[in-house]
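Colleague: Have a look at this one before I ask anything.
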């Protein structure tokens with residue numbers, strides 16, 4: 001189809017055509033970036049945690065006043081929890097991956113005299129069954145041995161005295177952290193340093209264990225320490241059981257713990273999955289808002305195209321009638337309006353791509369976002385061409401139905 | 001005259017209900033979305049203590065060892081250690097000063113049907129209440145002597161007073177906190193500064209601390225610290241760090257009534273750092289900051305990035321809606337070239353036509369604005385359903401209400417300007433002839 005007559009017609013409607021192009025461009029730019037943002041959010045929401053997510057439940061207790069016999073209390077609690085039918089493993093923990101409740105982090109150094117830490121890693125600790133309870137997969141080395149564990153209060157006292165012998169000596173790291181600290185080498189037997197050159201030897205590597213929060217510091221930079229926690233340290237109990245048993249186990253665990261010592265309050269009782277959902281609630285909400293904005297934008301733009309196309313069809317009824325009378329088929333008229341829309345959309349999309357790139361650059365400098373992948377450009381273009389064609393179809397069909405006899409009537 | 005234009009506008013709009021509906025809808029959606037997000041942004045970036053916040057300063061010093069120090073670049077620590085906090089407090093160089101930290105205490109009342117529960121708490125020194133202008137419903141705060149004496153006294157919030165004492169004047173009553181008996185000396189009235197500027201290590205918004213006790217007494221009883229603990233060297237946490245540990249976990253706030261006093265206080269912080277370095281406690285050269293409330297909030301990027309992003313997105317959407325409306329309005333006005341040509345031929349001036357068309361776009365804007373206002377109210381209701389901690393604060397205030405209406409009217413008149421101007425360019429003779 002010859003596009004010259006279309007272009008010359010558009011020349012006479014410069015302002016209207018420019019507005020339509022601008023609208024398509026803005027929509028294209030915003031939609032490209034919004035879809036990209038949604039992708040980023042969903043990627044976050046689906047991050048692997050490394051733990052047996054559907055088999056864990058968590059109970060956190062708050063003690064009323066000081067706990068004089070915290071270690072004995074913890075031992076009693078753990079023994080009682082293990083006896084609950086369906087429970088496979090139990091451990092106290094400070095923090096769970098991708099869960100609300102804060103985290104403990106430290107700077108890792110590769111040499112004793114290093115000034116700036118290489119990475120900020122997070123610190124998991126709990127008790128002798130931490131690795132098995134969380135369902136972590138060891139890919140190299142071993143789990144801690146019984147004689148490597150130190151109680152938290154003993155370790156803190158040793159730290160304050162400056163007695164390095166009283167501290168744990170070994171550590172388990174994630175594969176991602178090992179790869180970051182010693183690229184291409186085996187991490188087993190290597191030493192990392194903390195604080196004022198306190199050495200820790202790597203004895204094991206787990207496949208994956210995400211950090212609780214501060215994901216921007218490296219979502220998989222986690223370490224596990226042979227430190228035992230007690231009831232007074234603010235730890236949670238985490239129980240592992242078969243997925244269908246979770247509700248029952250959680251209820252039984254809370255009841256048993258209250259029975260053992262009624263002088264405490266249940267602060268948290270939930271499955272791991274519930275905690276994870278709460279952690280990502282904001283990301284989900286933001287993704288929802290973005291979907292809403294995209295839908296609204298597309299609808300408004302489509303309605304705008306329908307409105308303008310209808311106006312043009314109305315304005316050109318006479319011309320269309322003349323063309324029809326001179327032998328143009330309905331298909332010719334239909335294609336005329338479709339081509340016109342295609343041309344306008346193409347101009348809009350070209351401008352929109354530039355805008356999308358600009359917005360992405362702005363977002364990159366303000367919100368730590370990666371570059372917009374190139375695939376978004378053709379996809380966005382296709383989407384807007386499709387939207388334009390769908391929107392113009394109605395008015396174009398109406399134009400095609402204008403009878404030739406209109407040419408002979410005076411309006 | 002304007003009444004007549006209004007009548008004309010109304011008739012014209014009614015003649016094309018679908019097109020008019022589209023324009024109103026576009027404006028309403030754009031205004032609704034942008035006002036919703038703008039209101040949230042406005043609420044979240046507000047001044048927590050209007051009238052007081054410019055005299056409140058947050059001193060920062062840097063007690064860390066020399067490891068990793070880049071002079072001029074490294075920011076000092078965001079909290080203070082126990083030793084530094086106590087030193088600065090006792091120096092009394094500010095008009096008022098308070099050392100504080102957050103925590104959580106178990107509340108268990110004797111002879112009460114109420115199950116024991118945990119309440120967020122603030123452990124602070126006496127100046128907290130007068131310095132932040134805390135209003136009291138019953139009683140009052142405590143004085144410096146109570147801090148000195150490690151007195152077991154407590155101030156509670158109104159919601160907690162309602163929950164435990166049924167809303168009655170509870171001053172003089174006993175409340176059992178973390179297993180110890182405390183005497184209630186005051187009940188706070190309606191006071192909930194947002195953002196929670198004095199401790200940004202907990203929830204930044206809608207943090208509802210129910211219990212305030214003297215810092216000294218909280219340490220005697222062994223109340224749990226909650227918030228952030230940042231250690232260096234071989235410092236190690238535990239929940240409540242040892243008072244000698246190289247860890248910061250307390251907030252120190254000062255009131256300095258004039259800029260001159262603030263400058264003097266800053267000088268004092270430098271002197272203090274130098275003195276501590278001479279004593280061997282500090283290793284770094286003086287690295288101090290003295291930010292007031294708004295500077296402190298700004299430094300901490302308190303307003304969530306998502307909220308800024310949403311506001312930007314909504315204004316982008318409004319722009320698309322406006323372009324859309326301009327296009328439709330232009331189409332509508334141009335379609336009436338004939339009518340306008342007749343009016344011009346009959347003697348109407350361009351100005352009159354322009355005014356008439358602007359009136360028409362103004363009417364569209366007003367209806368769209370009212371629609372946008374309703375949508376913004378619905379949008380804010382939706383925001384309050386969101387999981388974010390600030391969600392409950394999202395309410396429209398009179399200032400934002402006015403902004404909404406002005407924005408709607410301004411936007412649509414702006415959107416009407418170009419089409420009206422274009423439509424006024426008609427040449428009467430040409431329009432008459434072509435028909």
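Throughout, read-outs are computed from the coordinates displayed, never taken from laboratory work. Predicted model only: the values in this text are computed from it and were never measured. Ideal geometry is used to build each Cβ from the backbone, glycine not excepted, and the neighbour counts take in all protein chains shown.
Colleague: Based on the Cα atoms of the stretch A:1-150, what semi-axes does the equivalent ellipsoid have, where each is the square root of 5 times one gyration tensor eigenvalue, given in whole Å with the largest first?
Modeller: 59, 21, 16
Colleague: Report the per residue volume, in Å³, of the convex hull enclosing the C-alpha atoms of chain B.
Modeller: With only Cα atoms used, chain B gives 198 Å³ per residue.
Colleague: Next question, about the same structure. Taking Rh as the Kirkwood radius, which is the inverse of the mean 1/r over Cα pairs, what is the Rg/Rh value for chain A?
Modeller: Radius of gyration over Kirkwood radius for chain A works out to 1.23.
Colleague: Roughly what would the spin-label model give for residue B:174 and residue A:382, points 7 Å off Cα along C-beta, in nm?
Modeller: 7.6 nm
Colleague: When Cβ neighbours within 10 Å are restricted to other protein chains, what is their mean count per residue of peptide A:52-62?
Modeller: The per-residue average across the peptide is 1.
Colleague: To the nearest 10 degrees, how steeply does helix A:330-367 sit against the main Cα axis of chain A, on a 0 to 90 scale?
Modeller: 30 degrees
Colleague: Another question about this same structure. Got a sec? How would A:83, B:207, A:179 order by Cβ neighbour count within 10 Å, fewest to most?
Modeller: Arranged by neighbour count, lowest to highest, A:83, B:207, A:179 become A:83, A:179, B:207.
Colleague: To the nearest 10 degrees, how steep is helix B:2-15 against the longest Cα principal axis of chain B, on a 0 to 90 scale?
Modeller: 80 degrees
Colleague: Calculate the length of the line joining the C-alpha centroid of the stretch A:115-188 to that of the stretch A:19-33, in whole Å.
Modeller: The stretch A:115-188 and the stretch A:19-33 have Cα centres separated by 52 Å.
Colleague: Compute the FRET efficiency between residue B:114 and residue A:284 as 1/(1 + (r/R0)^6), taking r as their Cβ-Cβ distance and R0 = 35 Å, and round to the nearest 0.05.
Modeller: Result of the calculation: an efficiency of 0.50.
Colleague: Once every DSSP H run of n ≥ 4 in chain A is given -39500 (n - 2.57) and the sum is divided by its residues, what mean residue ellipticity at 222 nm do you get, rounded to the nearest 500 deg cm²/dmol?
Modeller: -16500 deg cm²/dmol
Colleague: Return the single residue from A:55, A:185, A:219 with maximal mean-square fluctuation; model: Gaussian network over chain A, springs between Cα atoms under 10 Å.
Modeller: Among A:55, A:185, A:219, the largest mean-square fluctuation in the Gaussian network model of chain A belongs to A:185.
Colleague: If you don't mind, there's one more thing I want to ask. Give me the Kirkwood hydrodynamic radius of the stretch B:1-145 in Å, from all C-alpha pairs, to one decimal place?
Modeller: 22.3 Å
Colleague: Evaluate peptide B:12-21: per residue, the Cβ atoms of other protein chains within 10 Å of its Cβ; return the mean as an integer.
Modeller: Other-chain Cβ atoms within 10 Å of each residue's Cβ, averaged: 1.
Colleague: Quick one: order B:243, B:42 by neighbouring beta-carbon count within 10 Å, fewest to most.
Modeller: Placing the least packed residue first, the sequence is B:243, B:42.
Colleague: First obtain the Kirkwood hydrodynamic radius of the protein assembly as shown from its Cα pairs, then insert it into the Stokes-Einstein equation at 37 °C and 0.692 mPa s, and state the resulting D in µm² per second as a whole number.
Modeller: The calculation lands on 104 µm²/s.
Colleague: At a threshold of 8 angstrom on Cα-Cα distance, excluding pairs fewer than six apart, so keeping six or more, what relative contact order does the stretch B:249-394 reach in percent?
Modeller: Over the stretch B:249-394, the number comes to 9 percent.
Colleague: Something else: I want to verify a result. In a Gaussian network model of chain A, Cα cutoff 10 Å, which of these has the top mean-square fluctuation: A:328, A:243, A:345?
Modeller: A:328
Colleague: Could you tell me whether the stretch B:261-376 comes out rounded, prolate or oblate from its Cα gyration tensor? Rule is a ≥ b ≥ c as square roots of the eigenvalues, rounded for a/c under 1.5, then prolate if a/b exceeds b/c, otherwise oblate.
Modeller: It is prolate, given that a/c is not under 1.5 and a/b is the larger ratio.
Colleague: Peptide A:278-286: average number of partner chain Cβ atoms within 10 Å per residue?
Modeller: Averaged over the peptide's residues, the number is 3.
Colleague: Okay, moving on. Normalised by the number of residues in chain B, what is the relative contact order in percent for Cα pairs under 8 Å and 6+ residues apart?
Modeller: Here the relative contact order equals 29 percent.
Colleague: To continue, here is another question. Find the all-direction average of the projected area of the Cα convex hull for the stretch B:53-299, expressing the result in square nanometres with one decimal place.
Modeller: Seen from a random direction, the Cα hull of the stretch B:53-299 projects 13.1 nm² on average.
Colleague: Mean-square fluctuation check for chain A, GNM, Cα pairs under 10 Å: which of A:257, A:20, A:326 is largest?
Modeller: A:326
Colleague: Let me ask something else about it. Rg and Dmax of the stretch A:207-253 over Cα atoms: what are they, in angstrom?
Modeller: 14.6, 38
Colleague: Starting from the Cα coordinates of the stretch A:85-170, work out the convex hull volume and express it per residue in Å³.
Modeller: Roughly 163 Å³ of hull volume per residue.
Colleague: So, one more: Which three extents, in whole angstrom, do the alpha-carbon atoms of the stretch B:297-435 cover along their principal axes, largest first?
Modeller: Sorted from largest, the Cα extents of the stretch B:297-435 read 66, 25, 23 Å.
Colleague: Between residue B:162 and residue A:315, what's the calculated FRET efficiency when r is the beta-carbon distance and R0 is 60 Å? Round to 0.05.
Modeller: That gives a FRET efficiency of 0.30.
Colleague: So what's the angle, to the nearest 10 degrees on a 0 to 90 scale, between helix B:350-384 and the longest Cα principal axis of chain B?
Modeller: Between helix and principal axis, roughly 30 degrees.
Colleague: For the stretch A:95-228, what does the alpha-carbon gyration tensor say about shape, rounded, prolate or oblate, given a ≥ b ≥ c as the root eigenvalues, a/c under 1.5 as rounded, and a/b over b/c as prolate?
Modeller: Rounded is the answer for the stretch A:95-228, as its axis ratio a/c remains below 1.5.
Colleague: Further question on the same structure: In whole percent, what relative contact order does the stretch B:53-299 give with Cα contacts below 8 Å and a gap of six or more residues?
Modeller: Answer for the stretch B:53-299 is 34 percent.
Colleague: With no solvent and one point per C-alpha, what does the Debye sum give as log10 I(q)/I(0) for the stretch B:69-195 at q = 0.18 Å⁻¹?
Modeller: -1.06
Colleague: What three numbers, in Å, describe the spread of the alpha carbons of the stretch A:260-411 along their principal axes, ordered from the longest?
Modeller: Between the extreme Cα coordinates on each principal axis of the stretch A:260-411 lie 97, 36, 22 Å.
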